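Down below is the structure, laid out as structure tokens.
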Amino acid sequence: FMAHLKKVTEQLLDPLQFAYRANSSVDDAVNMGLNYILQQLDSPGTYAQILFVEFSLAFNTIIPGILHAKLLNLTIPPAICQWITSFLTGRKQQVRLGGVTSGTRTVSTGAPQGCVLSPLLFSLYTNDCTSSDPTIKLLKFADDTTLIGLIQDGDESAYEQEVKQLVL
């Protein structure tokens, strides 16, 4: 299943998401960001603003119904979308600390930590988190996001708008 899902989604994933992909690493993300900044800083009146964001407990933020809609929008076959939604909804879990085990709880949000499917699901969930402005790059590596804005002639309005969209 995992191999099939990767094959179906590889061409659909944001090229600026560098995690969980073959032949892609954090070094690639850093190099792209640095090259983007360095190419532009030779222009007079241009400077860069950079925002680093880390989504804590990222896999826990996945809401199955929203992921389902996003997968359908990516033209993932409906049967696969339904299977993923069923997998993420109504899971039972417990916590064990030392020799003590908690009671069982039903969980209907998030993707299981340690599950091989969870990183891909998170990448698909955040796939539409992109910049619409050509002067701004939004680089992603797993749950780390870097927003790089090239500011020309002191006009920070496009960058500020992208920051608002990212954090809201």
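Starting from the range 137-166, keep only residues that are farther than 18 Å from Asp42 by Cα, then list their pairs with residues that are β-branched (Val, Ile, Thr) and part of a helix (DSSP H, G or I) whose Cβ atoms are within a distance under 7 Å, requiring at least 6 positions of separation or different chains. So the pair list comes out as Phe141/Val26; Leu147/Val163.
Of everything in the range 89-109 that is in a loop (DSSP other than H, G, I, E, B), on the phi < 0 side of the Ramachandran plot and loosely packed, with under 14 Cβ neighbours inside 10 Å, the residue that is farthest from the chain's Cα centre (by Cα) is Gly99.
Filtering the range 8-65 down to residues that are part of a helix (DSSP H, G or I) and small (Gly, Ala, Ser), which residue is farthest from Ser118 (Cα to Cα)? Walk me through how you get there before you give the answer.
If we filter the range 8-65 for residues that are part of a helix (DSSP H, G or I), which is where we start, we get 8-12, 26-40, 58-61, 64-65.
Going one step further and asking which of them are small (Gly, Ala, Ser), we end up with 29, 33, 58, 65.
Details: Ala29: 21, Gly33: 26, Ala58: 10, Gly65: 15 Å.
Here the answer is Gly33.
Determine if the range 61-73 includes at least one residue that is surrounded by 12 or more Cβ atoms within 10 Å (Cβ to Cβ) and either among the charged types (D, E, K, R) or at positive phi (or both). Yes, that holds for at least one residue.
Can you find, within the range 143-167, the residue that is surrounded by the most Cβ atoms within 10 Å (Cβ to Cβ) among those that are of a type in the set (A, V, I, L, M) and within 19 Å of the chain's Cα centre (by Cα)? So, considering only residues that are of a type in the set (A, V, I, L, M) and within 19 Å of the chain's Cα centre (by Cα), the one surrounded by the most Cβ atoms within 10 Å (Cβ to Cβ) is Ile148. Scan the range 110-130 and give yes if some residue there is without any contact (Cβ under 8 Å) to a residue 24 or more places away in the chain and not in a helix (DSSP H, G or I), otherwise no. Yes: one or more hits.
Values in this text are rule-based calculations from the coordinates and carry no lab data. Note that the structure is predicted; figures quoted are calculated from it, not measured. No Cβ is skipped: glycine too gets one built from the backbone with ideal geometry, and neighbour counts run over all protein chains shown.
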